[in-house]
1. Ranking request for peptides 189-195, 112-118, 152-158, 70-76: highest mean number of other beta-carbon atoms within 10 Å first, then the rest in descending order.
2. Could you sort 176-182, 87-93 so that the peptide with the highest average Cβ count within 10 Å comes first and the rest follow in order?
3. Between A159 and T71, what's the calculated FRET efficiency when r is the beta-carbon distance and R0 is 25 Å? Round to 0.05.
4. Regarding the range 67-196, what is the average projected area of its C-alpha convex hull, in nm²?
5. Under the Kirkwood approximation for Rh and a Cα-based Rg, what ratio Rg/Rh is obtained for the range 112-163?
6. Modelled label-to-label distance, R124 and T111, 7 Å Cα→beta-carbon offset: nm?
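Nothing in this text is a laboratory measurement; each read-out follows from the coordinates by a stated rule. As the structure is a prediction and not an experimental result, all values here were calculated from the model. Virtual Cβ from ideal backbone geometry, glycine too; neighbours counted across all protein chains shown.
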Amino acid sequence: MNFDHGAGSNGGNRVRMQSNRNMSPQPDEKGIQRTGRFMMIMAWLGGLLLLTLLFQDFLETRQNPNAKPLTRVGGEGHNEVVLERNAQGHYVANGLINGYPVTFLLDTGATDVAIPEALAERLRLQRRHGGISQTANGPVAVWQTLLDEVGLGTIRLTAVRASIVPSMPAGSPVLLGMSFLKQLEFTQKDRQLILRPPG
């Protein structure tokens, strides 16, 4: 009798244990699917963002291949700055005006360095006498000013004459004209412009 009672008791325990296993929580399949879709969407967005940044960098390089102008030692032992033409055939390069970073567009047809009015205000340039300047688009009003220092690569020139041009759109590159360039020796070869201080 005791034997039968013990067996019955163990059997009841097995039933209860099996019942408990059946009551254990099942994986939330819908939750897993939602998580999978979310991770896939995030991966796509990350990929699109990366492609956008790479394409933007590609366009900026085509527009301004001289973000860091190349400096090398020339044949006579002098430092010279080498600029590459951009996709439009212009020489665009990053540089400095009074220590402030700017983008230059080299323009041998401009008498002075030409600066948009918005940039001149940020640089707190002093306006001297006003006047009229003849440009490819006709006469425009300008203010004369003097730049303490203009830098392009390793080239640094001081007391450079410039014009503040109110009609230039904000964000336009600074036209690096002859008031800067005439103080340098420069030669053009293939798609490169080589500038050096006079020997």
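1. Working: 189-195: 14.0, 112-118: 21.4, 152-158: 16.3, 70-76: 10.9.
Highest to lowest by the protection proxy: 112-118, 152-158, 189-195, 70-76.
2. Values: 176-182: 20.1, 87-93: 15.7.
Result, highest mean Cβ count within 10 Å first: 176-182, 87-93.
3. Numbers: r = 23 Å, r/R0 = 0.91.
Efficiency computed from Cβ-Cβ geometry: 0.65.
4. On the way: hull surface 31.5 nm².
Hull-based average projected area comes out at 7.9 nm².
5. Values: Rg = 11.9 Å, Rh = 11.9 Å.
Using Cα coordinates only, the ratio equals 1.00.
6. 3.0 nm
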